1. Failed condition for residue B:174, given (1) among the basic types (Lys, Arg); (2) open to solvent by 60 Å² or more (accessible area, probe 1.4 Å); (3) more than 28 Å from residue B:72 (Cβ to Cβ); (4) in contact with a Pro (Cβ under 8 Å, 6 or more places away or on another chain), with all others met?
2. Please name all residue pairs, on different chains or six or more residues apart, with Cβ atoms under 6 Å, provided the first residue is in segment A:44-58 and is more than 8 Å from chain B (Cβ to nearest Cβ) and the second residue is charged (D, E, K, R) and open to solvent by 30 Å² or more (accessible area, probe 1.4 Å).
3. Is it true that residue A:92 is away from chain B (no Cβ under 14 Å), among the β-branched types (Val, Ile, Thr), under 14 Å from the mean Cα position of the chain (by Cα) and not in a loop (DSSP other than H, G, I, E, B)?
4. State the number of residues belonging to segment B:9-29 that are touching a residue at least 12 places away in the same chain (Cβ under 8 Å) and open to solvent by 20 Å² or more (accessible area, probe 1.4 Å).
5. Please find, among A:47, A:67, A:29, A:104, the residue that is assigned to a strand (DSSP E or B) and either open to solvent by 20 Å² or more (accessible area, probe 1.4 Å) or hydrophobic (A, V, I, L, M, F, W, C) (or both).
6. Kindly indicate which of B:213, B:110 is farther than 23 Å from residue B:43 by Cα and open to solvent by less than 40 Å² (accessible area, probe 1.4 Å).
7. Pick out the one residue from B:249, B:270, B:228, B:283 that is open to solvent by 30 Å² or more (accessible area, probe 1.4 Å) and under 17 Å from the mean Cα position of the chain (by Cα).
8. Got at least one residue in segment B:160-169 being open to solvent by 10 Å² or more (accessible area, probe 1.4 Å), under 28 Å from residue B:124 (Cα atoms) and assigned to a helix (DSSP H, G or I)?
Amino acid sequence: MSSSWIEVGAEADFAGQMKVFQIGRKKVAVAGLDGGIFAFDGLCPHAFGPMHRAEVDGAIVTCPYHAWRFDLRDAGREIHGYRPLAMYDVKVEAGIVHVLFEAAASAVVLDSRPCKLSYVAA
Amino acid sequence: MATPRKKRTYTTAFEAARTLGQLFSPEGYTWETELPVRAKHVPLIIHISCNAHFTMFIAYIAGEILKRLDLEFVTVGGPENCCGSIQKNMGDPDLEADVATKAQLGFNRAKPRKVLSICPDCDDVFAEYPLKAASFVHANISDLVVEYLDALKPKMKPVNKRVVVHFHDASPSRVKDAGRVMTILKAIPGLEILPAQLAHGPGIHCQTVHPMAPHDQAAMFAEAKALEADALVVPYHSCYRQHIKMQLEFGVETQHYFGLLAEALDIPFEEPFKIYRLTDDLETVMGMLRPKIERLGYDEDLVRIYVDRAVFC
């Protein structure tokens, strides 16, 4: 199965925002944080908590279930040494963000109400 | 210098539990944060509720009691086993059910017959969202002691103290807890339970978000002092955290009932939370913790925030 670049939206739409998409059978979160755009598994590797409702501090996202914390600038490494968060390659072409996915698919944006106390770095 | 009060988030709440759980534990004391899928089957699980990580001696004593009874068990804790009440309190009630289910699925890996939590919030949440087809029943930690009380009684030595018993009765489960705690205390030889009138606590327990009103708290301790009580005995770790400081004014110690049980059963234990709170000075506490903070590689500035919030509440 060959990988495909999946279009998820305009770069400007992700500035300081996090959205979650259904791509194929996966939930994929895409966020504009800390000066970059990152795509990662929408479900926490621990207990499948909703990563699109993560707390954000710079490029560290914290799962609201049990506060596993992942550094998006370090390949999704969990800062306590637990299992990492899977990440996807991202490219921006002509102002459009694309995510490299395992197969051809379309991205459907899902409702991504943030946690009441979450915050996204500008 | 005032300690910066970092905004309370999942990060700070759970990191406080993780960090202070390690700092306030007896040396060498460990617990599981994630039971493996093919976990060894054990009959009992002691569940360290999130904020009970600040008072680890309770879980420690529970484990020592089970060892003395030659009962197999595992202690489970960490934010990974949160019941979901923190999500509800943080304003995300829609996450509570899934978090509660995930915790119970974790417990079920060990196929226990009983899971015992330290916090009454956990009792309520797991009762509201019970796991279907669970191998276990869930109960408050007091249930464990009552179940084995007849086996424990012959092992008890007298604890010659005069005590006032603090209690909550805002729900049927709290009434049951209060009954069990009284049953346990009455089984301790030498203990004199005093006829207090003002020891009733508000709500379901003395929560940090809903503490006992200061004037009611003072009246409770003033009465205990007038009755010449050696201690105010509390049923929950939260009440323990709220009331310890009153010893500074009234000279009456706050003891969790597990502490009295440990005295009766000759189980040595330490209460670092009490020691720290009674110093009444954050920087003194930080000095006491510094060697362990450095050994464990923690950020001292973050630990200061956690200690300030958890201990000096």
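The values are calculated or read from the model by the stated rules, or taken from the named source; none is laboratory data. Nothing here was measured: the structure is a model prediction, and the numbers come from that model. Cβ coordinates were reconstructed from backbone atoms using ideal geometry, including for glycine residues, and neighbour counts include every protein chain displayed. Note: accessible area is taken over every heavy atom of the protein model, side chains too, but ligands, DNA and RNA are not part of it. Shrake-Rupley method; radii C 1.70, N 1.55, O 1.52, S 1.80 Å.
1. Just one mismatch for residue B:174, condition (2).
2. Taking only residues 6 or more apart or on different chains, the pairs are A:45/A:83; A:58/A:34.
3. no
4. Of the residues in that region, 4 qualify.
5. Working: A:47 fails: assigned to a strand (DSSP E or B); A:67 fails: assigned to a strand (DSSP E or B); A:104 fails: assigned to a strand (DSSP E or B).
That would be A:29, the only listed residue that is assigned to a strand (DSSP E or B) and either open to solvent by 20 Å² or more (accessible area, probe 1.4 Å) or hydrophobic (A, V, I, L, M, F, W, C) (or both).
6. B:213
7. Numbers: B:249 fails: under 17 Å from the mean Cα position of the chain (by Cα); B:228 fails: under 17 Å from the mean Cα position of the chain (by Cα); B:283 fails: under 17 Å from the mean Cα position of the chain (by Cα).
Result: B:270 is the single residue among B:249, B:270, B:228, B:283 that is open to solvent by 30 Å² or more (accessible area, probe 1.4 Å) and under 17 Å from the mean Cα position of the chain (by Cα).
8. Checked segment B:160-169: no residue is open to solvent by 10 Å² or more (accessible area, probe 1.4 Å), under 28 Å from residue B:124 (Cα atoms) and assigned to a helix (DSSP H, G or I).
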